[in-house]
Every structure is written in structure tokens, then in C-alpha cells.
Amino acid sequence: MINPNWEPEFKERLEKHYDELKWLYAEIYNNNEEAFNYFCTMLHDYYVQRKPLLKEWDEARLAVPDWYRGNDMMGELMYTQCFNEDLKGLKEKLDYLKECRINYLHLMPLLESPEGRSDGGYAVSDFRKVQPEIGTMEDLAALADECHAKGMSLCLDFVMNHTSEDHEWARRARAGEKEYQDRYFFFDNWNIPNEFEKTVPQVFPQTAPGNFSWCDEAGKVVMTTFYPYQWDLNYANPTVFNDMTANMLYLCNNGVDIIRLDAVPYIWKTLGTTCRNLPQVHTLVRIMHMAADIVCPGTLLLGEVVMEPSKVVPYFGTVDKPECHMLYNVTTMASTWHTVATKDVRLLRHQLETVFALPKSYTFLNYLRCHDDIGWGLDYDFLGQFGIEEVSHKKYLNDYLKGALWESQARGELYNDDPRLGDARMCGTTASLCGVEAADFEQNKWKLKMAIDLDITLHAFLFTQSGIPVLYSGDEIGQLNDYSYHDDPLKWDDSRYLHRGKLNWDHVAMREDLSTRQGQLFQAIKKLQILRASYDVFDSNADTWIVEPWNDHILGIGRYYNDQKLIALFNFADDEQTAWIDEPEDYIELMTGEKREAKAVQLPPHGFVWLFHSYKENKKTMTAPDLEALTKPKKKAPAKKAAKKTTAKKTVKAKAAKKETKTEVKTEVKETKAAAKTVAAKKETKPAAKAEVKETKAAVKKETKPAVRTAAKKETKKSSTVKKTKSKSTKAKGK
């Protein structure tokens, strides 16, 4: 249903998707026209409610649909309460995140959930309220506004597979209201649940066995795939889908730019199947993508699909019918820690060959550690050719990373240990798993250097991959494991809290002191970030390949883009190794700025090199960037002048002077908080941006980057012809 009285812009967006939207909705919901008409009206309601400033962001991003794919993107993942107590505290520390060069901020679940039965915030009791001790929805919206003013995008988890048993729908279902029982999976007896159990894997076989629980109040069985207090939603009911999509759009209208679809492979249930990755899941995600395109087209969908590449890739959809904009590169993460333990790169190299063969338009989020455990869902068919057996190998990996082997300095703990299947996973911070904790405890300088070198090398490998690198909060200063959770009755049985400790701000204060491990790691990671953002060869559009070093301890990666070539070599061994390569060009080593041949390259223990060659520069003049100049703070301009300098025109020209074909714009936003919040500041930035879009629409489309915050409202409406060219899991994913 398209109401002729709806706004022209909304109608234009809806009409673009209407036929496909109606066809998919009718297919999955049996031609329920009443539900579909309600869905369209709901989309219009949220379009109307979206505030003008967010609509300006939408228009800017429509002009540059691949704004999130540049080599200047840098993410950080955190728990708000662990970073600085609450949303207001986080807002006060945004300048620190800017110093860390973060422009993609992912906040772990912060919506209302019951204490003691929250599953780390993944058991949501109200999708429209923030957990009281963290703040309010108004605080979240204010944080989003401040993030936008500083050129940051905000990501938030959307828990769509289930609700808390304390959610209003669940309370009314327990009270016997059939309408609300129909929003879940209720059964009068165990007959059908027992049939489900024959084919549906268990997510937590040790801590929460089975996929169903008995509800005393209702006198019925309810599906609980994760924990008994998390009730699975029935997406075969269109009311559930309509209302959950509305909840998602509500978060978007409060300034959330990226929606992380939690446990998305689980959302459709069919008897006789695994209830994972069913075709209907892709239909629903595609509809949600179109809903966002219609209401808030600056929004991205991030799919949490923690599985091997063959099951992950379909969630990108197709170029014509995209689903998720981004997915997690979980297999590379797990293979990386496998390589740390074995010192053998063959599995990691094999896995990267698969990733490198994928279309460049596929955007992965790459990470070393996150809030979750490390699961060993590796390619055991590949490992089998080397005589490796799954159960015994998982035990070796866990023994190594928890420090149970004499040769290991790692310090981690097991999670969800199942001795029968040998299927335990691993917890710990990056620094502790690299050996920093053990060396620091022993006050062994040699071991500490080895551990810090490994930590830095892993981050260099992270930044060498295409996509968006994401740091876990605290990793930038080498934060260690937090064992205090053992004494907390609400946390002691979940070892994932080992790496969910509070950020130590006293340690953050040491980040400039190179005599400390905090300073050494912070400065090294910062340097890697600057280099990555400074060279086109790190762009996601680069060609990538495996470089053969004829040494199974060394991983070699090649990159080429825009007449720039990079040879990256990483030594995972505990001793010096040689990469037996023979590249003909002249290179400089980016970290040192020294000229170096790419022939029989010697690498120190846990060391790496980034060897760079430019086909545009003469070998005698080819130099590394002036890092001091790039990091030198710029003089703050008065509010109005700073606002004027934030125009798309000036940023495009600055980028064009640096590189004619570069597809990015870095805004130099220096306005004060007052200027960022006043209408006057908005008026200062908008006209020049409009003029720029009018004069060089093609250039803006090609060169503008995500931090353009004041896109031309009127002119982007005229540019409706702007072309969009780019469009876990075993239950072990543990959220």
C-alpha cells in the first residue's frame, strides 16, 4: 500500500523497493495483505519521526554508498560500563577515542535486561529502554550526536532471536494470553520439542543443555535455544517481524548507524531441520535491509554469523539484492590464534586464500579479540592431511593458550568445557594470550619484549587485511585478564568475563611513556593505524594474494592498488626466520622508513615487515610518510571558522590534491561542542556542501567519505539518479 499523501521522498524510496518488498512479504507470510499494509505504514511513521540532522547524514551517505570501506576506517568494541561507567562517562572520553583514531564505535548490549539473567545484556526485557545504571535513551541519542560531530559512526547490538522472559510479551504469554504465546514457541507437551531435539544442535550443552524449557506459570514448554530465560521469537508470525523491525528502526532514529543483527542464522525454525541458516532467514534480512533503505538509508546491517566462510558469505546477499553490508571474519580470527599456538601458518594461509578469492565488495570486520570466546571451528579436513585429529588438536590449542604447556607464556581460561567432545573454547585478552601477563608477573624483560612483539605483529596482520579492523577496548594499551569475576556471584560461572574487565585509566595515562608496555603498545598500534590510513594499497579495493616465503613459520601477503604494492611478512616463530622471497622492485620498510630489498628477508622472533613500493615514485625519492607531521595536533579554529572548514568542497579538494582517484574524504572537524549543537553551526556547513554537490556531483560521489556530516539536502534529493554500485554458528558463538 502506497498512500498518495505520503511525502515525495518517502514514496520514491518505497516505490523503488515496493514490488520486491511485497513479493517477499507475501511469500513468507502467505499473502497477508493486512500485515503488509501495516508494515508499510509503520515504515512511514518512522520516516516521519527521523530528525532532520539524521536525514542529512542519510543523504550524504546515499551520495557515497561505500563510505564505510576506506582504509581510514578503524573500529573499537566496548562495554559502556567497562569503559567509563555509563553513557555520559563514555561521551566525556570521546576525545581519547579520537586520539586512538577510532571512527567506528561498537557498544555492546546496553538495553534493559534483568540482573542475574541478562547474559551480558543479550536477554533484553525492553528494546526501547537503556539499562538504568548505564543511562537513558536520551543519553544514547546525545552520545550519537556527539559521535557524529566527531566523525564517528555508532554501532549497537540488536538481539532479534529472542527476548528476556521478563519482556512484556513474555509476561503476558506466561499469564495465558494466546496472542502473546503465539509470538514465541509454546507447546502443550514434550512431543514436538522432542522431535526438534533430534535435529537441532545444542548451543551450550554443558551450561544450558537442550533447546526447550518448561514454563510453570503457563504450564507449557517454550523454546529456549540459548538460556532458559531467553525465549525464542516466532518469526513465522508477521506481528513479531513487524514489531521487531519497528524496534530496530527506533534505535536507528536515536542515532545508531550500524545495527548488529545478533544470532541472525537462528531466527527461523522449522521442524526436521537444524534451525540454522534456513532460506527464510535470508528473506527476512533482505526485507530488513530494504526497510532501512527506505527509512534511514545511511544505516548499515552487520550480521553476526559465526561460521565457516561457505555459510557466512550468503549473508551478503547479491549485488542486486544485498542483505548484510558487513560480516565478521571469525574464521580468520580463530585461525590466527591457532597459528600463535602451533607456529605453523599453513591453515591460516589456506583460510586467507579463500577470503582473498571473494568479491572485493564483501566487507568483513576483522578482529583479534572481542567480548566472546575463541571457538575452534577450524577446517579439520584440511588439517587432517597433516595427521591432525580434531579432539586432540583442540586440547593442544587450549592447553597452549591457557599456559599449561612448558613452552607457552599465554594465560587464558576455558569456556563451556565439554570433556566428552573436547569442545572447550578459550577466553583471555590479546595481551595475556600473547604472554604479556606472564612476563609482567615474572618481571622478565626478555619474555616481555617477545610478548609485546607478538602483540604488535598480530595487530599489523589485522591491519593488513581488507575490511574494517576492530580493536577490543583495552587492547590498545595491552590490558590484561581480569580475574575478579571469580568473586562475583553473578559472573563466576562465565569465564568470558575474564576479558571483560574495566578499562584501567591509570594505565591509559601511561600511553606516552615508551618505557612502559602500555606506551610501547599504544604508540606502535597508533603508528600502524596512521600508515594504514596513509597508503592507498590498504584500500579494500586492493588486489590481495598469498606470497610464498617457503617457510611454514612465516605468513606472506601481497597487496596492490593504484600503482602501490605491499609485501607483508609475519614471523610466528619464537626464533629468527627467513622469508625466501625474491621481489624485483625497490622497497622501503614502512615502520622504519628504511630502504630494503624484498629478497631473503630476515625476520626477528615474532617480527613483521611492511615492504612498500610505489610505481609512481622514483626509487631514489621514495620515502615513508612523515609520521610526526601526520600526528602533530592542529591549531583549533574558532567555532565558525572551523565549521566552514568542514564543507565537502574543502575536504574533496584536499583529498584530490593528495590523490586524484582516492575514494575518501577525511573531515578535519574542530568545532567546539557549542558550535556542533547550534543551528548556526549547521547553517555554516550546509550551504558550502550544497554548492559542492551541485558543482561536482560526480566528484562527490567518487571522493566523499563517511565523515561528511553536512551533505546537501536539496541537491542530493535532485541526485536521485546517483548509482549505488556497492551494495557465528554453532551456539558456541556465545553472543
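Cα centroid distance between the range 105-141 and the range 185-215, in Å?
The two parts, judged by their Cα centres, are 27 Å apart.
Show Trp337, Trp23, Trp6 ordered by accessible area, largest first, where the area counts protein heavy atoms only and the probe is 1.4 Å.
Details: Trp337 0, Trp23 160, Trp6 20 Å².
The ordering from most to least exposed comes out as Trp23, Trp6, Trp337.
Which aspartates and glutamates have a Cα less than 15 Å from the Cα of Lys129, not counting those fewer than 8 places away in the same chain?
Cross-link targets: Asp86, Glu112, Glu115, Glu138, Asp139, Asp157, Asp166, Glu168.
Can you give me the C-alpha center-to-center distance between the range 483-519 and the range 386-449, rounded to a whole angstrom?
Rounded to whole Å, the Cα centres lie 18 Å apart.
Of Leu590, Leu271, Leu405, which has the most accessible area with a 1.4 Å probe, and how do the rest follow in descending order?
Leu271, Leu405, Leu590
Work through the residues other than His553 whose Cβ is under 11 Å from its Cβ and net out their charges, Lys, Arg +1 and Asp, Glu -1. All intermediate terms of the calculation are to be shown ahead of the outcome.
On the way: positive: Lys343, Arg346; negative: Asp344, Asp552, Asp574, Asp575, Glu576.
After counting each charged neighbour, the total is -3.
When the accessible area of the range 398-446 is computed with all protein chains present and a 1.4 Å probe, what percentage of it is carbon and sulfur?
On the way: 1220 of 2250 Å².
Answer for the range 398-446 is 54 percent, counting heavy atoms of protein chains only.
How many Lys pairs in the range 202-358 lie less than 27 angstrom apart by Cα atoms, where the lysines are 8 or more positions apart or on different chains? Walk me through the numbers before you get to the answer.
Numbers: Lys220/Lys269; Lys269/Lys311; Lys269/Lys321; Lys311/Lys321.
Step by step, the pairs that qualify in the range 202-358 add up to 4.
Take the residue pairs Lys150/Lys527; Lys394/Lys502; Lys11/Lys51; Lys51/Lys526 and return only those whose Cα atoms are more than 24 Å apart. If you can, show how the numbers build up before the last one.
On the way: Lys150/Lys527 21 Å; Lys394/Lys502 30 Å; Lys11/Lys51 18 Å; Lys51/Lys526 35 Å.
Violating the 24 Å Cα-Cα cut-off are Lys394/Lys502; Lys51/Lys526.
Given a 1.4 Å probe and the protein chains all in place, what does the accessible area of Glu168 round to, in Å² to the nearest 10?
For Glu168, the solvent-accessible surface is approximately 90 Å².
Full extension from Ser515 to Lys595: what is 0.36 nm times the residue separation minus their Cα-Cα distance, to one decimal in nm? Walk me through the intermediate numbers first.
On the way: separation 80, 0.36 × 80 = 28.80 nm, distance 2.76 nm.
Result for the pair: 26.0 nm of gain on full extension.
Checking the cross-link filter: which aspartates and glutamates have an alpha carbon closer than 13 Å to that of Lys22, excluding same-chain neighbours under 8 positions apart?
List returned: Glu33, Glu34.
If we sort 174-181, 224-231 on the protection proxy, mean other Cβ atoms within 10 Å, highest first, what's the order? Don't skip to the end; give the middle numbers.
Numbers: 174-181: 14.8, 224-231: 23.6.
The densest-packed peptide leads the list: 224-231, 174-181.
Can you give the convex hull volume per residue for the Cα atoms of the range 416-545, as a whole number of Å³? Can you show the working numbers first?
Numbers: hull volume 20.7 nm³, N = 130.
Expressed per residue, the convex hull around the Cα atoms of the range 416-545 is 159 Å³.
Describe numerically, in nm with one decimal, the distance between label points set 7 Å from Cα along Cα→Cβ at Asn191 and at Met137.
Roughly 4.3 nm, to one decimal.
With a bin width of 10 angstrom, please list the P(r) values of the range 1-99 as percents of all Cα-Cα pairs, from the 0 bin to the one holding the largest distance.
12, 27, 26, 22, 14, 0
Using square roots of five times the C-alpha gyration tensor eigenvalues, list the equivalent-ellipsoid semi-axes of the range 78-227 in whole Å, biggest first. Don't skip to the end; give the middle numbers.
On the way: eigenvalues 278, 55, 28 Å².
In descending order the semi-axes read 37, 17, 12 Å.
Each residue of the range 104-109 in order: what ³J(HN,Hα) in whole Hz does its phi give by Karplus 6.51 cos²θ - 1.76 cosθ + 1.60, θ = phi - 60°, with x for Gly and Pro?
So the Karplus estimates, Gly and Pro as x, are 9, 10, 10, 9, 5, x Hz.
I need the P(r) histogram for the range 474-593: all alpha carbon pairs, bin width 10 Å from 0 out to the longest distance, whole percents.
11, 26, 28, 23, 10, 2, 0
So what does Thr363 come to for accessible area, using a 1.4 Å probe and Å² rounded to 10?
Spelled out: Thr363, probe radius 1.4 Å, area about 0 Å².
Once you have the Kirkwood Rh of the range 343-461 from its Cα pairs, apply Stokes-Einstein at 25 °C and 0.890 mPa s and quote D in µm²/s. Please list the in-between numbers first.
On the way: Rh = 15.9 Å.
In µm²/s, the coefficient rounds to 155.
Considering only protein heavy atoms, what is the solvent-accessible area of Lys491 at a probe of 1.4 Å, reported in Å² to the nearest 10?
Solvent-accessible area, nearest 10 Å²: 80 Å².
Ordering Glu133, Glu308, Glu9 from largest to smallest accessible area (1.4 angstrom probe), what's the sequence? Mind showing how you got there, number by number?
Values: Glu133 125, Glu308 80, Glu9 35 Å².
Greatest to least solvent exposure: Glu133, Glu308, Glu9.
What is the pair-distance distribution P(r) of the range 294-334, computed from all Cα-Cα distances in 10 Å bins starting at 0, with each bin given as a whole percent?
All Cα pairs considered, the percentages come to 28, 50, 18, 3.
Output ³J(HN,Hα) for the range 386-394: one whole-Hz value per residue in order, computed from phi by the Karplus curve 6.51 cos²θ - 1.76 cosθ + 1.60 with θ = phi - 60°, and x for Gly and Pro.
9, x, 8, 10, 4, 5, 5, 6, 4
The values are calculated or read from the model by the stated rules, or taken from the named source; none is laboratory data. Please read all numbers here as calculations on a predicted model, not as lab measurements. In this analysis, Cβ positions are derived from the backbone assuming ideal geometry, glycine residues included, and neighbour counts consider all displayed protein chains. What goes into the accessible areas is simple: the full protein's heavy atoms, side chains included, and nothing from ligands, DNA or RNA. Shrake-Rupley method; radii C 1.70, N 1.55, O 1.52, S 1.80 Å.
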